[in-house]
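The values are calculated or read from the model by the stated rules, or taken from the named source; none is laboratory data. Just so it is clear, the model here is predicted, and its values are computed rather than measured. Positions of Cβ are backbone-derived with ideal geometry, glycine not excepted, and every protein chain shown enters the neighbour counts. Note: accessible area is taken over every heavy atom of the protein model, side chains too, but ligands, DNA and RNA are not part of it. Shrake-Rupley method; radii C 1.70, N 1.55, O 1.52, S 1.80 Å.
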Amino acid sequence: MTTRRNILITGASSGIGRGMAREFARRGRDVALCARRAERLEELRDELLAAHPGIRVLVRQLDVLDHEQVFEVFRAFHADMGTLDRVVVNAGLGKGQPIGTGNFRANRQTAETNFVAALAQCEAAVEIFRKQNAGHLVTICSISALRGMRGNITTYAATKAGLASLSEGIRADLLRTPIRVSAIFPGYIRSEMNERVKHTPFIVDTERGSAALVEAIEREPATAYVPRWPWAPMAFVLKRAPLSWIVKLF
């Protein structure tokens, strides 16, 4: 399998984005990191270069809701690095409230960030990959994408389901090319997005979760559930269980 040397990660200033950057750096990869919080990126860059002086770490500020900026930043990283071998579409938002409770603004922000902005990132990445005739697109979906979810994650789950479908459509377009597409479905991994959520089943810490994500990404599967235990067998159940069971589980 081809080693993907130059890896771009969005949403890299915190959570699993930051964790994946650390894990790829540990494996000796060059990383291009972007997020809204420039100071957090600069801190991470300094940390990674101190721990792994043989790699390159490039950082750029990026608000993925600025769609034109997404294309500008991806193209700039490509120019700086010569090639982009893998792009991890990770930036996301976990805000949300039950539908019809007067919180459309929060649900809209989640939908725009997790789907429309992800679409812009996929467009920008695949544009570069088509020109290179090589590359690996990775979308970070969610185990919640497998079914409609209630309460605060209704919109979040729907956006991740949309992203999973988008990923499969892109994969279908590129089947006869050297470009690979992977949709990764994390279970519960502790991050700033969910740090206030209590009693979360099967949750793992950021370091363990990020390492499992990178291990799965390196295999370049069409889909992967991470960590594999318990989420691969859970995915089988979730796809088939009655909705009344899903409501009790989540």
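Quick notes on this structure:
- Taking every protein chain into account, the 1.4 Å probe leaves Lys95 with about 90 Å² of accessible area, to the nearest ten.
- Cα gyration tensor, the range 1-141 - rounded (a/c under 1.5), prolate or oblate: prolate
- Derived scalar couplings ³J(HN,Hα) [the range 140-148; Karplus, 6.51 cos²θ - 1.76 cosθ + 1.60; whole Hz; x for Gly, Pro]: 8, 8, 6, 4, 5, 5, 6, 8, x
- Average accessible area per residue (Å²) across the chain - probe 1.4 Å, nucleic acids and ligands excluded: 48
- Choice from Thr154, Thr223, Thr101 showing the highest fluctuation, given a GNM over the chain with Cα pairs closer than 10 Å: Thr101
- Of the DSSP H helices in the chain, those whose Cα atoms cover at least 27 Å axially and whose Kyte score averages -0.5 or more: 154-173
- Ratio Rg/Rh, restricted to the range 53-201 and using Cα atoms, in which Rh is the Kirkwood radius: 1.00
- Solvent-accessible surface (1.4 Å probe) assigned to Met149 amounts to roughly 20 Å².
- Selected from Ile16, Ser210, Leu249, residue furthest toward positive end of dipole (the chain; charges at beta carbon): Leu249
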